[in-house]
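Where a number appears in this text, it was derived from the coordinates with a stated rule and is not lab data. Predicted model only: the values in this text are computed from it and were never measured. Because the Cβ atoms are built from the backbone with ideal geometry, glycine has one as well, and the counts that use them run over all protein chains shown.
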Amino acid sequence: MSERAIPDAERLTRLIFEACEYQPGPDMARLSRLEERLNRQAAGRQQRPVRRHRLWWLILLLAGGAAAAAWWGGLLSRGAEPRQMSQPQPPAATAPHREIRPKANPEPAGGKGEGNSHLIYRREDY
Amino acid sequence: MPDDSRRLLERYCRDGDQGSFSAFYRGQADRLWRYLRLRGSAPEPAYDLLAEAFLRFIRVICRDPRHPVALLYRIAVNLQIDAWRRRQASPEQPAAATDPEPVAAAVTDDRETVRRLLQSLPPDEQNLLLLRYWIGLTHKEIAGMLEKPEGTIRRQCAGALAALRQRWREKPDV
């Protein structure tokens with residue numbers, strides 16, 4: 001049989017597969033027993049992430065509760081301060097303006113020269 | 001098949017579906033045992049290694065179930081190497097378990113020739129050929145498993161195949 005042709009790469013890879021695939025296999029009963037054991041282990045493993053999940057929810061809930069309590073606490077303490085401090089001030093820009101502009105021209109009593117002028121106010125030049 | 005394995009394990013990890021894990025086990029256990037045997041383990045240690053490999057696999061698979069087959073074989077190979085080291089370290093244990101299994105079939109069979117040639121290759125080359133052409137892992141998966149660049153694995157696979165052909169040429173009857 002030494003005359004056999006050398007297989008090409010494709011045939012050789014197929015032969016590798018077949019050579020390994022058709023070799024004697026294990027005792028299937030033993031593999032089944034092992035499967036049962038592993039299934040128990042696998043079931044135990046699967047429950048842990050769920051428990052961990054629950055723990056994270058609890059932590060999240062507690063943190064949320066603490067944050068809400070802190071917020072309400074801050075709000076209440078701010079509410080206890082004097083009311084006028086928190087009342088909005090009237091707009092500052094409009095009030096002085098109204099005071100400066102008089103509704104009528106005040107006529108000085110007896111003063112004719114200045115009384116004819118429409119000029120109410122002139123800025124002084126220094 | 002690797003895609004099927006991946007889907008099964010993703011279902012197991014996501015939904016806790018025991019049936020998916022069982023299906024994966026049934027698809028892999030038989031082949032993993034034979035792989036361990038081909039790599040030189042005696043039948044009994046091969047069962048032990050198989051069990052231990054699956055137990056460790058269960059512990060870690062749900063962290064990243066993308067390449068379950070590669071992970072399983074990586075664990076098994078590491079356990080096998082540890083077992084070899086322990087055996088070498090303890091003088092009482094015989095080292096005969098690494099001997100290849102006696103072959104009953106005729107040597108004239110091409111499959112048998114390839115099997116014997118495979119066992120005559122250095123362990124690294126043998127391992128690459130088994131993982132690539134029997135287990136069906138991709139070059140990328142093998143690269144991840146052996147922690148080497150993909151290009152290196154590609155070259156080494158081609159080299160191992162060439163070495164096998166060379167041995168066939170030199171002594172086809174082994």
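Here is how the numbers come out for the structure above:
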read-out	value
Taking region B:106-174 and dividing mean pair separation by its residue count, relative contact order in percent (alpha carbons under 8 Å, at least six apart)	39 percent
Rel. contact order, % - alpha carbon contacts under 8 angstrom, at least six apart, chain B	22 percent
Translational D in µm²/s for region B:1-101 (Stokes-Einstein at 37 °C, 0.692 mPa s, Kirkwood Rh from C-alpha pairs)	230 µm²/s
Under Karplus coefficients 6.51, -1.76 and 1.60, residue-wise ³J(HN,Hα) of region B:67-84 in Hz, glycine/proline x	10, x, 5, 4, 5, 4, 5, 4, 4, 4, 5, 4, 5, 5, 5, 4, 5, 4
Value at 222 nm in deg cm²/dmol, rounded to 500, when DSSP H runs of n ≥ 4 in chain B each add -39,500 (n - 2.57)	-23000 deg cm²/dmol
Additional length obtainable on full extension of the chain from A:D8 to A:Q41, 0.36 nm per residue less Cα span	7.3 nm
Whole-number D in µm² s⁻¹ for region B:106-174, Kirkwood Cα-pair radius fed into Stokes-Einstein, 10 °C, 1.306 mPa s	128 µm²/s
Furthest towards positive pole of dipole, B:W134, B:A23, B:P149, structure part chain B, Cβ charges	B:P149
Residues A:H53 and A:R78, FRET efficiency given R0 of 45 Å [Cβ-Cβ distance, rounded to 0.05]	0.75
Backbone HN-Hα couplings from phi across region B:130-138 [Karplus 6.51/-1.76/1.60, Hz, Gly and Pro as x]	5, 5, 7, 9, 10, 6, x, 6, 7
Loop-located GluC sites (Glu not before Pro) in region B:105-174, at most 14 other Cβ atoms within 10 Å (DSSP)	B:E147
Estimated vicinal HN-Hα couplings, Hz - region B:43-52 in sequence order (Karplus 6.51, -1.76, 1.60; Gly, Pro = x)	x, 5, x, 5, 5, 4, 5, 4, 4, 5
